[in-house]
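Report on one structure; see the data block that follows.
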Amino acid sequence: MNIKTRITELLGIRYPIVQAGMSWASSSALLAGTVSKAGGLGVIAAGPMRPNDLRCAIHEVRQITDQPFAVNVALYNKRAAEHLDIVLEERVPILIASQGGPKEHLPRFKQAGVKWIHVVGHPDHARKAQAAGVDALIVVGTEAGGHPPPNGTSTLVMVRLIAQAVDIPIIAGGGVVDGAGVAAMLCLGADAVQMGTRFLLTPEASLHPAYKQKVLEAGIGGTTLVGPRSLPIRAVRNEFTQQYEVAELAGQPGEELNAIFGSSSLKMAALEGNIEQGKVEAGQGAALIDELVPAAELVERIVQETCDAMEQLWTKRG
Ligand SMILES: Cc1cc2nc3c(=O)[nH]c(=O)nc-3n(C[C@H](O)[C@H](O)[C@H](O)COP(=O)(O)O)c2cc1C
């Protein structure tokens, strides 16, 4: 089966399926390597990684597969400069950059032939990134796990807005967990999808088992947005999110809220399994997932579902 799009052509991958960069969950080689080997785009999330660990993970991915893969670098991260240097030195073919402007870094990446995919959360930022010369965009709506756009716009609206705003290829997500979701994104004008929460629930994701179980159990309304309005996170409801929301409702001052937010971390939940005080970041799509599926099987399954969904569309029209 083949689904050719501008993204599969640009990146040299078989399927228009990107495994989202997820701190801790994909901050190692196994998930990224497995997804790339299966025909999608695997992404190592550099966020929490020490430089040498990132280098080793890149080498390990290359032992798993010779297919293209990407590294995700958050440009505000204190180690961003080192992470970017490693991407160049190790000749990683694709960089996914989030949370910062691309302009100052782009020339040396272009010169090295690295494809630069930029994460945006507003049509204005999408136009700016296009004008700066990035190769493609990643767009997610408020359904997404991790850091959805602060404007609260849904995937349905955000993807459509950005598809209309730019000419370069876009990778869309936030709430996409199956082939029906992929088909929907393609209909909205996307050239590929990015899935985080779905790939988080695979044996290959590098997360404490209690974290995966907590996400599996999340149903409708099981996640919530917490944190500063300018950079909220979407996480599964737990003691931490409840404490934050109670304090917010009581009108506690910003410092108090920041202290509660800062007392919890993704690492506590992801590494240590502290799923009540830690940040169990996941998207609304968790409500649609009820099992762990091996990553390679998942890629195949989603491709099949996408083709079925598209075929059904035509059948329903008669
Ligand atoms: C546990 C977790 C960690 C994440 N870490 C990062 C990260 O390090 N960098 C980043 O750009 N996005 C991060 N994200 C956001 C994802 O890349 C992606 O945009 C999001 O998961 C897509 O929405 P979905 O979860 O509904 O599929 C994270 C998401 C999750 C769930």
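Is the shape of the chain best called rounded, prolate or oblate, per the rule: a/c under 1.5 gives rounded, else a/b larger than b/c gives prolate, else oblate, with a ≥ b ≥ c the square roots of the Cα gyration tensor eigenvalues? In terms of gyration-tensor shape, rounded. The solvent-accessible area of E256, taken with every protein chain present and a 1.4 Å probe, is close to 90 Å². Each residue of region 99-112 was assigned a 3J(HN,Hα) from its phi angle through the Karplus curve 6.51 cos²θ - 1.76 cosθ + 1.60 (θ = phi - 60°); the sequence is 6, x, x, x, 3, 5, 9, 4, x, 6, 6, 4, 4, 7 Hz, with glycine and proline shown as x. With the simple spin-label model, which puts each label point 7 Å out from Cα in the Cβ direction, the Q213 to K128 separation comes to 4.4 nm. Residues whose amide H falls under 5 Å from that of M22, counting only those 5 or more places apart or on a different chain, are A45, with hydrogens built in the peptide plane. With θ taken as phi - 60° and the Karplus curve 6.51 cos²θ - 1.76 cosθ + 1.60 applied, the whole-hertz 3J(HN,Hα) list for region 297-306 is 4, 4, 4, 4, 4, 5, 5, 4, 4, 5 Hz, x standing for glycine and proline.
Give the residues of region 154-188 whose amide nitrogen is closer than 11 Å to a point set 7 Å from the Cα of L313 in the direction of its Cβ. 180-188, by backbone N distance to the label point.
If contacts are Cα pairs under 8 angstrom and at least 6 residues apart, what is the relative contact order of the chain in percent? Before the final figure, lay out each step's value.
Working: 684 pairs, mean separation 54.1, N = 318.
After rounding, I find 17 percent.
Highest mobility in the GNM of the chain, judged by mean-square fluctuation with C-alpha springs under 10 Å and restricted to R62, R108, R127, is found for R108.
Comparing T153, T197, T223 in a Gaussian network model of the chain (Cα springs below 10 Å), the most mobile by mean-square fluctuation is T153.
The values are calculated or read from the model by the stated rules, or taken from the named source; none is laboratory data. All values derive from a computational prediction rather than experimental measurement. So basically every Cβ, Gly included, is an ideal-geometry build from the backbone, and we count neighbours across all protein chains shown. Calculation scope for accessible area: heavy atoms of the full protein, side chains included, ligands and nucleic acids excluded. Shrake-Rupley method; radii C 1.70, N 1.55, O 1.52, S 1.80 Å.
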